[in-house]
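Please see the structure below; I have some questions.
Any read-out appearing in this document is the output of simple, stated calculations on the displayed coordinates, not a laboratory observation. In this text, all values refer to a predicted model and were calculated from it rather than measured experimentally. Neighbour counts run over all protein chains shown; Cβ positions are idealised from the backbone, glycine included.
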Amino acid sequence: MSEKETQGQKEKVMGKINEIKKNVESFISDVNVNELKESLNTMVKDAQKDLSKLVDKDLGNLKSKYQKEKLALENKAKKFIEGHKKEITALQKKFEKMVKEAGKKPVAKKAAPAPKKKVNAKVAKVVKKATKKVAKK
């Protein structure tokens, strides 16, 4: 390529860049940045409101499901306790009956052995001698 051709291509590229620059500048001058900020803010607020509504709706559904499950569990627990109360009262009645029957039967008490008296060895010898003397007379 010759210098003229490269120079011509450079001028074409510079011309295109200048044209793009003018287009961007005109677009920026047409668009008010403050209006763009406001529109973005309103879009964000609307999105937040929509999201909040969805979350609140889901939260309400979760609360109602929780209440239903809570009631179901409470009912099961009550039934379980009632069933065991019946068993416990039946066992307690049997136990009380056995206690009453055991109280009516005479309980044989074992006779306690009489406590052994400790005799002093010396006293025992004196008593033997005295009894022998009395017996000889």
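How many percent of all Cα-Cα pairs in the range 54-106 sit more than 14 Å apart?
For the range 54-106, the fraction of Cα-Cα distances above 14 Å is 72 percent.
What area, in nm² and to one decimal, does the C-alpha convex hull of the range 1-64 cast on average over all directions?
The directionally averaged projection comes out at 8.1 nm².
For the range 47-88, state which GluC sites (Glu not before Pro) are in a DSSP loop and have at most 16 other beta carbons lying within 10 Å of their beta carbon. Don't jump to the answer; show the numbers that get you there.
Numbers: sites: GLU69, GLU74, GLU82, GLU87; in loops: none.
Sites meeting the loop and neighbour criteria: none at all.
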